[in-house]
1. Would you mind checking the tilt of helix 153-169 against the longest principal axis of the Cα atoms of the chain, expressed as 0 to 90 degrees and rounded to 10?
2. Counting pairs of alpha carbon atoms under 8 Å apart in space and at least six apart in sequence, what relative contact order in percent does region 151-291 give?
3. Just from its helices, what would the mean residue ellipticity at 222 nm be for the chain, if runs of 4 or more DSSP H residues each count -39500 (n - 2.57) and the sum is divided by every residue, rounded to the nearest 500 deg cm²/dmol?
4. Can you list the HN-Hα couplings for region 27-42, worked out from phi with the Karplus curve (6.51, -1.76, 1.60; θ = phi - 60°), rounded to whole Hz and with x for Gly and Pro?
5. Treating each Cα of the chain as an identical point scatterer and ignoring solvent, apply the Debye formula and state log10 I(q)/I(0) at q = 0.06 Å⁻¹.
6. To check you understand DSSP bridge types, tell me what percent of the beta bridges within the chain (both residues inside) are antiparallel, rounded to 5.
7. Give me the accessible area per residue for region 229-269, probe 1.4 Å, as a whole number in Å².
8. Probe radius 1.4 Å, ligands and nucleic acids ignored: give me the carbon and sulfur share of the accessible area of region 17-89 as a rounded percent.
Amino acid sequence: MFNNQLVSFSGIQPSGNLTIGNYLGALKNFASYSEKYKCFYCVVDEHAITVRQNPADLRRRTYETLALYLAAGLDPEKNTLYVQSHVHEHAELAWILNCFTMFGELSRMTQFKDKSAKHADNINAGLFTYPVLMAADILLYQTDVVPVGIDQKQHVEICRDIAQRLNQIYPDLFTVPEPVIPVHGQKIMSLAEPTKKMSKSDENVNAVVYILDDRDTIVRKFRRAVTDSDTVVRYAEGKDGINNLINIYSSFTGKNTEEIEREFDGKGYGDFKVAVGEVCADALKPVQDKYYEILSDKPALEAQMKKGAEEASYVARRTLSKVQKKLGFVQVR
Ligand code: ATP
Ligand code: LTN
């Protein structure tokens, strides 16, 4: 809660071009909280450096990710939109939370295991304590709900464990947050290997549909999507490719599985793939148009970042100060 309002918090790493997985699993849902919640949406650049980043790319993507937040319909008057490294309280609270997080529990995080396998030459301490910084992000704002894709559920759960642990020692320190995971967009799979999550860091560009892909590219990628040898559009166990396309179609149109199966009754996979590509391209077009307009005005984006950081800092400072006081740090301000 913040000033008697429920709080929504989420973040996206500026670690690559955003995909329709990021859009359907997270970004698209952020705006739905704007009316009822106090919303904080952050570009988590400090999380991104747990994997090596080229500085020029990181800088450019930080602007681009913020521009996509705005283009996806997040009104900066109703939402606090900012960059994580602009609010130093995130890193400070993360240190404190590190001292209340166990080596064993961090060792069980599946994202750590996956990323360590993928970046075997750079298994750094930041990659290991990544969930602690994420817990700091969330807890600093006394967050009630965290809209994320299902891959982040385990991280929100460890954040809850950390909050509850501290609350037991220092009563009423933190709000314990809940993850909010969309039904159909919770895990969009790769178009080339539908048992794998669609990821912005995938090297195969044909496996991934980017939010900024043009119409022809989107339709072509869906046409080439890997499916099985069946022809009937039906959601069924083991049909990972077609299930993924049904989920994507459902997320973009709001139609449920039965409606979709009925709509494509008697039509083959080919027609369905083109239809998925078209609804995806239609839904992304307004976001893309707005994005290019926003990105063309860098000073305005920077002013936006500054305003967001000031708003976020105000709340973050209050929580950090409360934590420091309860822990026994001397405050002389
Ligand atoms: P990376 O490939 O760099 O690890 P990512 O594509 O997994 O990145 P993140 O920045 O880690 O993206 O995720 C931002 C948000 O998007 C998170 O809430 C995450 O759960 C969601 N998300 C990412 N990929 C998908 C996906 N394929 N389906 C649904 N949600 C997703
Ligand atoms: N870990 C997330 C990004 C992230 C986040 C957060 C999401 C960082 N801090 C706080 C929700 C709340 C990811 O990898 N997708």
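1. That helix lies at roughly 20 degrees to the long axis.
2. 21 percent
3. After summing the helix terms and dividing by residue count, I get -15500 deg cm²/dmol.
4. Karplus values, whole Hz, x for Gly and Pro: 3, 4, 8, 4, 5, 5, 8, 4, 6, 9, 10, 8, 10, 10, 10, 10.
5. Summing over Cα pairs of the chain leads to -0.22.
6. The answer is about 15 percent antiparallel.
7. 52 Å²
8. Summing carbon and sulfur atoms, their accessible area is 47 percent of the total for region 17-89.
The values are calculated or read from the model by the stated rules, or taken from the named source; none is laboratory data. As the structure is a computational prediction, the values presented were derived from the model and not from experiment. Neighbour counts are summed over all protein chains in view; Cβ atoms, including those assigned to glycine, are modelled from backbone coordinates with ideal geometry. The protein model used for the area step is the full one, side chains on, heavy atoms only, and it has no ligands, DNA or RNA in it. Shrake-Rupley method; radii C 1.70, N 1.55, O 1.52, S 1.80 Å.
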